[in-house]
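Engineer: Mind looking over this structure? Questions follow.
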Amino acid sequence: MGEPQARSRAGDPVWGALDTYRLYRHVVAAGTLYTLTMTTEVCEELGLATAPREVAPGLRPVMEIAGVDSELIGWSSTRRQRIEDVLEGLTYTYVQEYGRLPGEKARHGLGWWVALSSSSEVTCRRVREVPGSRVGRYR
């Protein structure tokens, strides 16, 4: 992105395009790689370090800037908490409908949907009322 993918024998840049289908299939890995690259560059530039933080038992830890007070993190993550509240309701609905917890792909899809919808303050009660929405779409 912004850089040539390869060089020809003459040394000229050879430009290519992103394969969006493959990128979408590996969106979690691509997001993780992006976050790792960005965090590494920021930390090197500012002389900071990262540390893993467990978000929920059994899930992969997230990397964050070491030494940031958890109270500051909590203060700045009110939107994330609203997303988690709605996601909890969606997960409950999913379990009621399918009799099992959603897998990683389904959790990602549900989280993505809630994150996009949260800007309009979607609540658990209104999830079923959104035209075209279906919890089972992210099986």
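Engineer: Is the range 20-108 best put as rounded, prolate or oblate by its Cα gyration tensor, with a ≥ b ≥ c the root eigenvalues, rounded for a/c under 1.5, and otherwise prolate when a/b is larger than b/c, oblate when not?
Structural biologist: Working: a/c = 2.63, a/b = 1.46, b/c = 1.80.
Since a/c reaches 1.5 but b/c is at least a/b, the shape of the range 20-108 is classed as oblate.
Engineer: Next up: In a shell of Cβ-Cβ distance under 12 Å around Pro61, excluding Pro61 itself, what net charge do Lys and Arg (+1) and Asp and Glu (-1) give? Write out the running numbers ahead of the final one.
Structural biologist: Values: positive: Arg53, Arg60; negative: Glu54, Glu64.
Overall, the nearby charge balance is 0.
Engineer: How much area per residue is accessible in the range 1-106 when the probe is 1.4 Å and only protein heavy atoms are counted (Å²)? The partial results should precede the final answer.
Structural biologist: On the way: 8800 Å² over 106 residues.
Accessible surface, normalised per residue, equals 83 Å².
Engineer: Right, next: By how many nm would the segment from Met38 to Tyr21 grow when fully extended, if each residue of separation counts as 0.36 nm and the alpha-carbon distance is taken off?
Structural biologist: Taking 0.36 nm per residue and subtracting the Cα distance, the gain is 3.8 nm.
Engineer: Restricting to DSSP loop positions (anything but H, G, I, E, B) with no more than 10 other Cβ atoms inside 10 Å of their own Cβ, which trypsin sites (Lys or Arg not before Pro) remain in the range 51-121?
Structural biologist: Numbers: sites: Arg53, Arg79, Arg80, Arg82, Arg100, Lys105, Arg107; in loops: Arg100.
Sparse-neighbourhood loop trypsin sites (Lys or Arg not before Pro): Arg100.
Engineer: Read phi for every residue in the range 90-101 and hand back ³J(HN,Hα) as whole Hz from Karplus 6.51 cos²θ - 1.76 cosθ + 1.60, θ = phi - 60°, with x for Gly and Pro.
Structural biologist: Coupling constants for the range 90-101: 5, 5, 4, 4, 4, 5, 5, 7, 10, x, 7, 6 Hz.
Engineer: Shifting gears a bit: Two-decimal Rg/Rh of the range 73-114 from alpha-carbon positions, Kirkwood Rh? Working shown, then result.
Structural biologist: Details: Rg = 11.4 Å, Rh = 10.9 Å.
Computed over Cα atoms, the ratio is 1.05.
Engineer: What's the carbon and sulfur percent of the range 1-103's accessible surface, probe 1.4 angstrom, rounded to a whole number?
Structural biologist: It is 58 percent, rounded to a whole number.
The values are calculated or read from the model by the stated rules, or taken from the named source; none is laboratory data. All figures in this text were calculated on a predicted structure; none of them were measured in a lab. Here Cβ is always computed from backbone atoms with ideal geometry, including for glycine, and neighbour counts include all displayed protein chains. What goes into the accessible areas is simple: the full protein's heavy atoms, side chains included, and nothing from ligands, DNA or RNA. Shrake-Rupley method; radii C 1.70, N 1.55, O 1.52, S 1.80 Å.
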